[in-house]
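Chemist: Input: one structure, supplied below.
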Amino acid sequence: MSVARSQLTDFTYFLTVARHRSFRLAGLEMGVSPSAISHALKGLEAKLGVRLVNRTNRSVTLTAAGEEFRDSIEVPLKDIDQAVERLNKHRDSPQGRIRINAQVDAAHTILPPVLALYAERYPEIKIEIEATDRLVDITHEGFDAGIRVSGTVPEDMVAQRISGDLRWIVAGAPAYFQRFGIPQTPIDLKNHRCINGRLGDGRIYQWEFEGPDGEFSMSVPTQFVLNDRPTMLAMTLAGSGLMYCVEPVFSPYLKNGGLQIVLEEWAARGEGYQIYYSSRRQVPLGLRLLIDLIREVRPLGL
């Protein structure tokens, strides 16, 4: 059976569904509706005369034929993508699309000042960013790169550092300290209200400090647990409790007096953010340009 040119798009849709096991997520990645993905896949199955996907209300799985087909076309289609990507060096203006999975704090602090300049220099490159603290297999989920704190980057990835060291601090609103006082040592936090979040693996975060005897971590009394950084900040600014985070997240509010640091002499320091990508594929030009620009702008030092 010869392959029509239009079927290459259907093949791409199929591979995206196979990776996400979801028409909704595949549609988000491809920029089309889930129904369009489903319709294209049904058309492909009809042309091939084989069912590739089992659909239920709760799940999408590959049939045995679908798994075999995925394994057969995945590498050739990647080769085509890379061949097209290599053409970028011959264009006056680079084109393409890159997908970045970024830790929430990195997305809020590193990327905004960089992307404003990136849009001016490379207007024909589209960037999709997913900001989440959830641990993600970027290769499996179709991202070109991830941004995380050093030490949480998978060992099989190529990583480049894109920030200086980070300081982890506790901050609160002046109104909070007027009501509840200022903790003098980390142990004093036992008598305070703390706003906390979860790690990428679901565990409640333990606050880390450095004292005369070295580094240590401790559980704090947590009345509020949130997975949304803007809401955590809003509650902290409103005086609901104390928050623990990297200093750059607090910087604008420390400057305008909305927040103040406590336990500063106990602040822990750690390695900065890294951008990482698979060692098994060609690095898209758009990603290389982004990395170069981050290192040029140095929003969090380097």
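The values are calculated or read from the model by the stated rules, or taken from the named source; none is laboratory data. Fair warning: this is a prediction, and the values are worked out from it, not measured in the lab. Cβ placement follows ideal geometry from the backbone for every residue including glycine, while neighbour counts extend to all protein chains displayed. Heads up: the accessible areas ignore ligands, DNA and RNA and are worked out on the full protein's heavy atoms, side chains in. Shrake-Rupley method; radii C 1.70, N 1.55, O 1.52, S 1.80 Å.
Chemist: Given R₀ = 30 Å, what would the calculated FRET efficiency be for ARG288 paired with ALA234, taking r from the Cβ atoms and rounding to 0.05?
Modeler: Once rounded, the FRET efficiency stands at 0.25.
Chemist: Pairing the Cα long axis of helix 285-297 with the longest principal axis of the chain, what angle in degrees results, from 0 to 90 and rounded to the nearest 10?
Modeler: Tilt of helix 285-297: around 20 degrees.
Chemist: Counting helices only, and only those DSSP H runs with n ≥ 4, report the 222 nm mean residue ellipticity of the chain as the sum of -39,500 (n - 2.57) divided by its residues, in deg cm²/dmol to the nearest 500.
Modeler: -11500 deg cm²/dmol
Chemist: Of all the accessible heavy-atom surface of segment 8-86, with the other protein chains kept in place and a 1.4 Å probe, what percent is carbon and sulfur?
Modeler: Ligands and nucleic acids excluded, carbon and sulfur give 54 percent.
Chemist: Let me ask something else about it. Distance between Cα centroids, segment 235-302 to segment 29-55: provide it in whole Å.
Modeler: If we compute the Cα centre of each part, the gap is 41 Å.
Chemist: How high is the relative contact order of the chain? Use alpha-carbon pairs under 8 Å, at least six apart in sequence, and give a whole percent.
Modeler: Once divided by the residue count of the chain, the mean separation gives 23 percent.
Chemist: What ranking, highest mean first, results for peptides 235-244, 47-56 when packing means the other Cβ atoms within 10 Å averaged over each residue?
Modeler: 235-244, 47-56
Chemist: If you don't mind, another one. Suppose R0 equals 25 Å; then what is the FRET efficiency for ALA46 and ALA83 from their Cβ-Cβ distance, rounded to the nearest 0.05?
Modeler: 0.30
Chemist: Can you give me the long-range amide H partners of VAL153? Hydrogens built in the peptide plane at 1.01 Å from N, cutoff under 5 Å, separation of 5 or more residues or another chain.
Modeler: It is none; the list stays empty.
Chemist: Taking only pairs that are 8 or more places apart or on different chains, how many Lys pairs in the chain have Cα atoms under 27 angstrom apart?
Modeler: 5
Chemist: Tell me, what ³J(HN,Hα) does each residue in segment 101-113 have, in order and in whole Hz, if you take phi through Karplus 6.51 cos²θ - 1.76 cosθ + 1.60 with θ = phi - 60° and put x for Gly and Pro?
Modeler: 9, 10, 4, 4, 5, 5, 4, 7, 10, 7, 6, x, x
Chemist: Compare the peptides 167-173, 222-228 by average per-residue count of other Cβ atoms within 10 angstrom and give them in order, highest first.
Modeler: In decreasing order of mean packing, 167-173, 222-228 become 167-173, 222-228.
Chemist: Got a sec to turn the phi values of segment 221-235 into Karplus ³J(HN,Hα) couplings, 6.51 cos²θ - 1.76 cosθ + 1.60 with θ = phi - 60°, whole Hz, x for Gly and Pro?
Modeler: x, 10, 8, 10, 10, 10, 10, 10, 5, x, 5, 4, 5, 4, 5
Chemist: How would you order 174-180, 245-251 from highest to lowest mean count of nearby Cβ atoms within 10 Å?
Modeler: 245-251, 174-180
Chemist: Relative to the longest principal axis of the C-alpha atoms of the chain, give the angle of the C-alpha long axis of helix 64-86, reported between 0 and 90° and rounded to the nearest 10°.
Modeler: Approximately 80 degrees, to the nearest 10.
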